[in-house]
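Undergrad: Got a structure here, written out as structure tokens. Questions coming.
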Amino acid sequence: MKCLIIAAGLGSRLSARGDLKPLIKLNGVALIQRVISTSMKAGINDFFVVVGYKSDLLKKFLSELQEKLNITITPIDNPDWKKPNGISVLSARKFLKENFLLTMTDHIYEPTIIQKLQKVPLESDEVILAVDYKIQSNPLIDIDDVTKVLVENGKIKNIGKEIKNFNAFDTGIFYSSPALFKALSECRVNGEESLSAGIKHLADQGKARVFDVGNEFWIDVDDDNAFEKAVKLLSREI
């Protein structure tokens, strides 16, 4: 299994803690190293990282991490890193010809989520999004920023940060076929360049399913408030 990590953006809301978000240390460990280490615990050792802002610095770190952990890390340049995150995903199209895991550089979660997720049967034209149904009881959520999901009968009906009718949260963890690249390309033609737009495009065809993370831990470390919550919660490596 290959894992694609999106790490190209500026991450301005955490800029006071460091100029390059993937390298900001949380309890002594860089955010991107946490994501990679978590994936390794799920049996993954082949990584593709989309880089953009200050890419040379991040590439240097990844090269050293590759040697340290004895894994493969392939950086993918996204010169349009200022654009929505769907462009970063689309940058990996020529590298991933089979099913792959997709995650973000600033999402921290239990390895059991992807251990279970990658065992779910996936058709060649589908994507599966790990979702959290605890929309009333998860204290780690920034309700104004989290991507919301409307799920019906195990399939995504709508997705986006601004939707009003929803029953789940997007955890930022996906198990996808290469069909996602085609969906993103078609959305881009119409001026829609976000990852959520690509997921919605597949959902409209009935090709976007969900996986319930249950009570497993996850957090989007996107701002100072979330960072402080993560510091307090992560008393040990996950």
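Undergrad: Report every pair of residues separated by at least 6 positions or lying on different chains whose Cβ atoms are under 7 Å apart, first residue within the stretch 197-216 and closer than 12 Å to residue 187 by Cα, second among the aliphatic types (A, V, I, L, M) and not in a helix (DSSP H, G or I).
TA: Close Cβ pairs satisfying both conditions: 199/127; 199/129; 199/156; 199/159; 199/208; 200/159; 202/127; 202/208.
Undergrad: Got a sec? Which of 4, 58, 23 is buried (at least 22 other Cβ atoms within 10 Å of the Cβ), in contact with a strand residue (DSSP E or B) (Cβ under 7 Å, 6 or more places away or on another chain) and farther than 20 Å from residue 97 by Cα?
TA: 58
Undergrad: Let me ask something else about it. So, in the stretch 189-238, of the ones that are assigned to a helix (DSSP H, G or I) and small (Gly, Ala, Ser), which residue ends up nearest to residue 152 (Cα to Cα)? Please lay out each step first, then the result.
TA: Quick first cut of the stretch 189-238, residues assigned to a helix (DSSP H, G or I) only: 189, 195-203, 224-233.
Applying the additional criterion that residues be small (Gly, Ala, Ser) yields 196-198, 203, 226, 230.
Details: 196: 17, 197: 18, 198: 18, 203: 11, 226: 29, 230: 31 Å.
If we take residues in the stretch 189-238 being assigned to a helix (DSSP H, G or I) and small (Gly, Ala, Ser), then 203 is nearest to residue 152 (Cα to Cα).
Undergrad: Moving on. Go through the stretch 83-118 residue by residue and tally those that are assigned to a loop (DSSP other than H, G, I, E, B) and either within 14 Å of the chain's Cα centre (by Cα) or at pLDDT 95 or above (or both). Talk me through it step by step, then tell me what you get.
TA: Narrowing the stretch 83-118 to residues assigned to a loop (DSSP other than H, G, I, E, B): 83-84, 91-99, 105-106, 110, 118.
Narrowing the set further to residues that are either within 14 Å of the chain's Cα centre (by Cα) or at pLDDT 95 or above (or both) leaves 83-84, 91-99, 105-106, 110.
Final tally of qualifying residues: 14.
Undergrad: Specify the residue that is nearest to residue 129 (Cα to Cα); the eligible residues are those in the stretch 184-196 that are of a type in the set (A, V, I, L, M, F, W, C) and crowded, with 21+ Cβ neighbours inside 10 Å.
TA: We begin by selecting, within the stretch 184-196, every residue of a type in the set (A, V, I, L, M, F, W, C); these are 184, 187, 189, 195.
This time we only want the ones that are crowded, with 21+ Cβ neighbours inside 10 Å, so: 184, 187, 195.
Working: 184: 16, 187: 18, 195: 12 Å.
Top of the filtered list is 195.
Undergrad: Considering 54, 94, which residue is basic (Lys, Arg) and more than 19 Å from residue 189 (Cα to Cα)? Quick ask: steps written out before the conclusion?
TA: Details: 94 fails: more than 19 Å from residue 189 (Cα to Cα).
Within the list 54, 94, the selection yields 54.
Undergrad: Please go through the stretch 140-189 and pick out each residue that is of a type outside the set (A, V, I, L, M, F, W, C), without any contact (Cβ under 8 Å) to a residue 24 or more places away in the chain and out of contact with any strand residue (DSSP E or B) (no Cβ under 7 Å at 6 or more places or on another chain). Talk me through it step by step, then tell me what you get.
TA: First, the residues of the stretch 140-189 that are of a type outside the set (A, V, I, L, M, F, W, C): 142, 144-145, 147-148, 152-155, 157-158, 160-162, 164-165, 167, 170-172, 175-178, 182, 185-186, 188.
After this cut, where a residue has to be without any contact (Cβ under 8 Å) to a residue 24 or more places away in the chain as well, the list is 144, 148, 152-153, 162, 164-165, 182, 186.
Those that are of a type outside the set (A, V, I, L, M, F, W, C), without any contact (Cβ under 8 Å) to a residue 24 or more places away in the chain and out of contact with any strand residue (DSSP E or B) (no Cβ under 7 Å at 6 or more places or on another chain): 144, 152, 153, 162, 164, 182, 186.
Undergrad: Considering only the stretch 143-183, how many residues are surrounded by 15 or more Cβ atoms within 10 Å (Cβ to Cβ) and in a loop (DSSP other than H, G, I, E, B)?
TA: Counting residues in the stretch 143-183 that are surrounded by 15 or more Cβ atoms within 10 Å (Cβ to Cβ) and in a loop (DSSP other than H, G, I, E, B) gives 6.
Undergrad: Return the residue satisfying two criteria in turn: it lies in the stretch 34-54 and is assigned to a helix (DSSP H, G or I), of a type in the set (S, T, N, Q) and out of contact with any helix residue (DSSP H, G or I) (no Cβ under 6 Å at 6 or more places or on another chain), and of such residues it is surrounded by the fewest Cβ atoms within 10 Å (Cβ to Cβ). Give the derivation first.
TA: Our first condition is that a residue be assigned to a helix (DSSP H, G or I); within the stretch 34-54, this holds for 34-41.
Now drop any that are not of a type in the set (S, T, N, Q), which leaves 37-39.
The next check asks that each one be out of contact with any helix residue (DSSP H, G or I) (no Cβ under 6 Å at 6 or more places or on another chain); those that pass are 37, 39.
Numbers: 37: 17, 39: 24.
Selected residue: 37.
The values are calculated or read from the model by the stated rules, or taken from the named source; none is laboratory data. For clarity, every value in this text was computed on a predicted model and none was experimentally measured. Cβ: placed from backbone, ideal geometry, glycine included. Neighbour counts: every protein chain shown.
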